[in-house]
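Structure first, then comments.
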């Protein structure tokens, strides 16, 4: 007499192969699922566990439907998958998806450079997120400022949005100060996971005097930062040295020279 325990293991193995093929978006998975569900029907008949038969008959019908519907849906919608390939390719400016990170003290020209390079549509900006959470608030002296009371939620939201974009291979720019080099590590970890090229645009060579002068005339007024904060953030700018990661550090002029034409092609 055939060992039913081994039959159960064999059917489970066939179903596992189907699950792997399904995860890889391969239509053949339905053949394995079909073989598995039919086998379970006969297994239940043989073991007289009749209450399970309707369930496996339903799965059998579902797998036949899947075999029939998969190519039909692909040709009709043009969005379903052909094995491992996706018909829609994300926008990028290189051979791989790219993450661009700005780095510099307030007033160094990060956001202005992003605008100048026509990158705003691809940018996640921490100050914009702060203003979405809360309108500008008054300081004790009556001047307005962008509140940082929600920063834990702001950074959580930014990384959630970033990872969602990276899962889809979307070209992305992060516009924030990132004065401490260690603040870049999480980005580099994500870039490694999602196979992104990473470019850090470094504005740290802007003299402190220039930063203070620019900060005094920034508009709208609530984007201005107290001078002692500018000094503190300038002092925090330190050397980036992550030897175990693959990334490039460029000055704004270097980035513009290398990528301006590629960025222009995004809009054609």
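Taken together, the values in this text are just the output of simple stated rules run on the coordinates, not laboratory data. Everything quoted here is computed from the prediction, not taken from an experiment. Here the Cβ positions follow ideal geometry from the backbone for every residue, glycine too, while neighbour counts run over all protein chains shown.
If the elastic network links every pair of Cα atoms under 10 Å, which of 169, 109, 13 fluctuates the most in the Gaussian network model of the chain?
Top of the fluctuation ranking is 13.
If you take every DSSP beta bridge whose two residues both sit in the chain, what share of them, in percent to the nearest 5, is antiparallel?
15 percent
So for the chain, averaging the separation of alpha carbon pairs under 8 Å that are six or more residues apart and normalising by length, what relative contact order in percent results?
Relative contact order of the chain: 21 percent.
In the P(r) worked out for the chain, what percent of Cα pairs fall beyond 29 Å?
Values: 18697 of 35778 pairs.
Summing the P(r) of the chain above 29 Å gives 52 percent of all pairs.
Within 10 Å of each residue's Cβ, count the other Cβ atoms and sort 244, 262 from fewest upward.
Listing 244, 262 from fewest to most nearby Cβ atoms yields 244, 262.
If contacts are Cα pairs under 8 angstrom and at least 6 residues apart, what is the relative contact order of region 125-173 in percent?
Rounded, it is 29 percent for region 125-173.
So what is the relative contact order of region 170-268, in percent, for Cα pairs below 8 Å that sit 6 or more residues apart? Walk me through the numbers before you get to the answer.
Details: 57 pairs, mean separation 41.8, N = 99.
RCO, region 170-268: 42 percent.
Could you state the number of Å between the C-alpha centres of region 89-123 and region 150-177?
Between the Cα centres of region 150-177 and region 89-123 lies a distance of 13 Å.
Quick check on packing: order 141-149, 173-181 by the mean number of other C-beta atoms within 10 Å, highest mean leading.
Working: 141-149: 12.6, 173-181: 19.6.
Ranking the peptides 141-149, 173-181 by packing returns 173-181, 141-149.
Under the 0.36 nm per residue contour assumption, what length would be gained going from the current alpha-carbon distance of residue 148 and residue 132 to full extension?
Here the answer is 4.6 nm.
Who wins for biggest fluctuation among 33, 203, 58 in a Gaussian network model of the chain, springs between alpha carbons below 10 Å?
58
For the chain, what does the helix formula give at 222 nm: sum of -39500 (n - 2.57) over DSSP H segments with n ≥ 4, over the residue count, nearest 500 deg cm²/dmol?
Value at 222 nm, helices only: -16500 deg cm²/dmol.
Considering only 187, 247, 65, give the residue with the highest GNM mean-square fluctuation for the chain, with springs between Cα atoms whenever their separation is below 10 Å.
Between 187, 247, 65, it is 65 that shows the largest mean-square fluctuation.
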